[in-house]
There are 2 protein chains.
Amino acid sequence: MTSVTDFDLKAYIKARATLVDAALERFLPRGEDTLGGVGEMMRYAMFPGGKRFRPVLTVATAEALGFDAGRVMPTACAFEMIHGFSLVHDDLPCMDDDAERRGKPSCHVRFGEAEALLAGDALSLDAFRLVAANARVSDVRPDAVIRVVEELSEASGFPGMVGGQLLDIHGMRADSVSAEALVGIHRAKTGALIRGSVRAGAILCDATEPQLAALTGYAERLGLVFQITDDLLDYGEKEETASYPVVFGVEESRRLARVATEEGLDCLKGFPESAEPLRALARYLLSRET
Amino acid sequence: MTSVTDFDLKAYIKARATLVDAALERFLPRGEDTLGGVGEMMRYAMFPGGKRFRPVLTVATAEALGFDAGRVMPTACAFEMIHGFSLVHDDLPCMDDDAERRGKPSCHVRFGEAEALLAGDALSLDAFRLVAANARVSDVRPDAVIRVVEELSEASGFPGMVGGQLLDIHGMRADSVSAEALVGIHRAKTGALIRGSVRAGAILCDATEPQLAALTGYAERLGLVFQITDDLLDYGEKEETASYPVVFGVEESRRLARVATEEGLDCLKGFPESAEPLRALARYLLSRET
């Protein structure tokens, strides 16, 4: 049995992110074959990637339940494409107006604003094609795939990410956001997609309802820790917006993150050794420096 | 038996569009219950509607195969929501920059540009929730629903509508568009969603492969006639863009529309009396004045 300290999370993430990259490479349309070159833009937005955090979570959830990455890979990629679409639209002039993303010109700077709008749309629409394609993986139940279509829609759409983005642009001034509102914004804006990426993996791997509830509890804590530590890392750089350290203070934010991590790990108590990547991810997020 | 001339298409469209409106009213989130008021914006974009052409096609296809509207209604609404999302994004300043839509301020004029971008995103993402919900209609097969998820994705995404929009913004100057390019742009930009709305209805109603092929052939001609007659109606108002009368001339455009209508009706020859609404829709499009 691998002990907690023996587990090499960095190597794990690298290996799984490499699988995700290879799958995205296969699933995304070839630039030269597509109308108006939209495939080129979709690939520009998706490569090189960031941490591939959401699809790695989907894969790690499948592994916790005793399945391998291939069982959930199209859906894992779908969650990453929704994340990519949200970044393309976030960077547009009418949103954050960011000229750079991951060290290169953002999509609209490189291709034009209308083009980036449409490339983002193409990514979001294509994500659902990938979820449907997951039905062709052997032994995956069609009703599980349909349930994942709903999960992806709700995690990304009006009840989740997009709803949270709207709350966010409607007012994140540090002096006007209550603690409750801040938590609500982040639960929708970033938490819902993290939660959905875990739930999707669980549903495709025929998790029992108690397993699904436990994994959902884990994912909700993970999303919270992700946001708090993200805010702590950014603290001092962009104090104009509301964030956990601004609203709760640095020490209380750190305490909230520790409590959420413990709760998340508690949710996984009934899971076997194969859930070690999920456990290590939670511990890593609490202590991360990037 | 109802004769061709007896069939009252106007009454049929009105009755089916009323069903679609009532279903959209049920399926769309309530404005007051949603994060950032996104439900209000989604409803603003969807009501009042236009002709509800795409969902009426889905319903008429179900009827042609002996089923009623309820069998396909969530999916019919999903196609209308994708159409609505495309109009919201089309109207944005970086696209057509239209300040009005259906006699009222366009979404971004009413709510703001970032808000309209996100409301469009919410509509497109929610459309897939509705397709998934169609699995709860009794006797609808899960694998049919999954196939419809793929149809909707492909009709709307990079191989269809969004790809066609990109081709379109990359150059529709009348003096530089070939006949072949014009046909290709419209096949993707408007044709794919019309084709998909018919195919989705057929798939959910367990059409045989020959029936599906015949209905697809019908829908492809219908989409062509829709575009040609749309261009003919607009001819003289916006000659700066490429269109069928500009590229082919008015008489040849009319001839192409007549030929496509005949071909479309031929595709339906093996279908019973219940396909009369589909036939009447094809005849109507050829002779329409709005």
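Every read-out reported here was derived from the displayed coordinates using simple, explicitly stated rules and does not represent laboratory data. Just so it is clear, the structure is predicted and the values come from calculations on it, not from any experiment. Note that each Cβ is placed from the backbone with ideal geometry, even for glycine, and that neighbours are counted across all protein chains shown.
Observations
- Theoretical FRET efficiency, 1/(1+(r/R0)^6), r = Cβ-Cβ of A:Ala213 and A:Glu263, R0 22 Å, to 0.05: 0.95
- For chain A, adding -39500 (n - 2.57) for each run of n ≥ 4 DSSP H residues and dividing by the number of residues yields -21000 deg cm²/dmol at 222 nm.
- Label points for A:Leu256 are taken 7 Å from Cα along Cα→Cβ. From this copy to the others they lie 6.0 nm apart, shortest first.
- Identity and axial distance of the chain B residue whose Cβ lies nearest the axis relating B to A, Å: B:Pro142, 2
- Euclidean distance between Cα centres, the stretch A:229-281 to the stretch B:252-274, Å: 62
- Shielding value for B:28-38 is 5, the average number of Cβ atoms from other chains within 10 Å of each residue's Cβ.
- All Cα-Cα separations within the protein assembly as shown were binned at 20 Å from zero, giving a P(r) of 21, 53, 23, 4, 0, each value a whole percent of the pairs.
- Shielding by other protein chains, A:133-139, mean Cβ within 10 Å: 2
- Top of A:Arg54, A:Arg258, A:Arg195 by mean-square fluctuation, Gaussian network on chain A, Cα under 10 Å: A:Arg258
- Residues of type aspartates and glutamates that B:Lys10 reaches as a straight line, Cα spacing below 20 Å, ignoring anything fewer than 8 places off in the same chain: B:Asp21, B:Glu63, B:Asp68, B:Glu80, B:Asp230, B:Glu273, B:Glu276, B:Glu289
- Under 5 Å from the amide H of B:His170 lies no amide H of any residue 5 or more positions distant or on a separate chain, with H modelled from the backbone and absent for Pro and chain starts.
- Remark: mean inter-chain Cβ contacts per residue of B:145-157 equal 6, using a 10 Å Cβ-Cβ cutoff to other protein chain atoms.
- Under-5 Å amide H pairs with A:Arg101, H placed in peptide plane, nonlocal only: A:Ser106
- Comparing B:His108, B:His89, B:His170 in a Gaussian network model of chain B, where Cα atoms under 10 Å apart are tied by springs, the biggest mean-square fluctuation is seen for B:His170.
- Modelled label reach - A:Ser274, point 7 Å along Cα→Cβ, the stretch A:192-213 residues with backbone N closer than 15 Å: A:201-208, A:211-212
- Residue among A:Leu278, A:Leu215, A:Leu166 with the largest mean-square fluctuation in a Gaussian network model of chain A, springs linking Cα atoms under 10 Å: A:Leu166
- Gyration tensor verdict on the stretch B:114-204 (Cα atoms; rounded if a/c is under 1.5, prolate if a/b is larger than b/c, oblate otherwise): oblate
- Coarse-grained scattering of chain B at q = 0.08, 0.10, 0.14, 0.16 Å⁻¹, given as base-10 log I(q)/I(0) from a Debye sum over alpha-carbon atoms: -0.33, -0.52, -1.05, -1.36
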